[in-house]
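My questions all concern the structure below.
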Amino acid sequence: MAQTTYKGFPITYTSYHQPKESDLGIQEHYIIEDVLMCGIDPYDLLGDDGMQELYEFINKELMEG
């Protein structure tokens with residue numbers, strides 16, 4: 001379980017590295033699961049668009065890591 005801060009809120013999550021697979025057209029990225037914000041599922045707070053933004057934030061942080 002990893003931790004970060006998103007817009008001032010503590011976030012915990014699990015991530016798995018997905019390497020680039022050129023023959024399938026897959027870019028390198030992280031698969032992010034089990035996301036909790038302040039210990040609760042953030043979907044009800046963020047909705048679809050907010051969750052997408054959160055996943056992009058975490059993925060960017062991991063890629064720069």
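Quick one: putting +1 on the C-beta of Lys and Arg, -1 on the C-beta of Asp and Glu, what dipole do you get for the chain around its Cα centre, in Debye to the nearest 20?
240
Let me ask something additional. What does the convex hull of the Cα atoms of the stretch 2-59 come to per residue, in Å³, rounded to a whole number?
Convex hull of Cα atoms, per residue: 80 Å³.
I would also like to ask the following. Would you work out the relative contact order for the chain, in percent, from Cα pairs under 8 angstrom that are 6 or more residues apart?
26
Through the Karplus equation 6.51 cos²θ - 1.76 cosθ + 1.60, θ set to phi - 60°, convert the phi angles of the stretch 16-21 into ³J(HN,Hα) values in whole Hz; use x for Gly and Pro.
So the J values, rounded to whole Hz, are 10, 6, 10, x, 5, 10.
Ignoring everything except DSSP H segments at least 4 long, calculate the 222 nm mean residue ellipticity for the chain; use -39,500 (n - 2.57) per segment, divide by total residues, nearest 500.
Result for the chain: -12000 deg cm²/dmol, rounded to the nearest 500.
With unit charges on the beta carbon (Lys/Arg positive, Asp/Glu negative), name the residue among Leu45, Gln27, Ala2 whose Cα is farthest towards the positive pole of the charge dipole of the stretch 2-59.
Final value for the positive-end residue is Ala2.
Coordinate-derived values only; no laboratory data. Just so we're clear, the structure is a prediction, and the values are computed from it rather than from any experiment. Neighbour counts run over all protein chains shown; Cβ positions are idealised from the backbone, glycine included.
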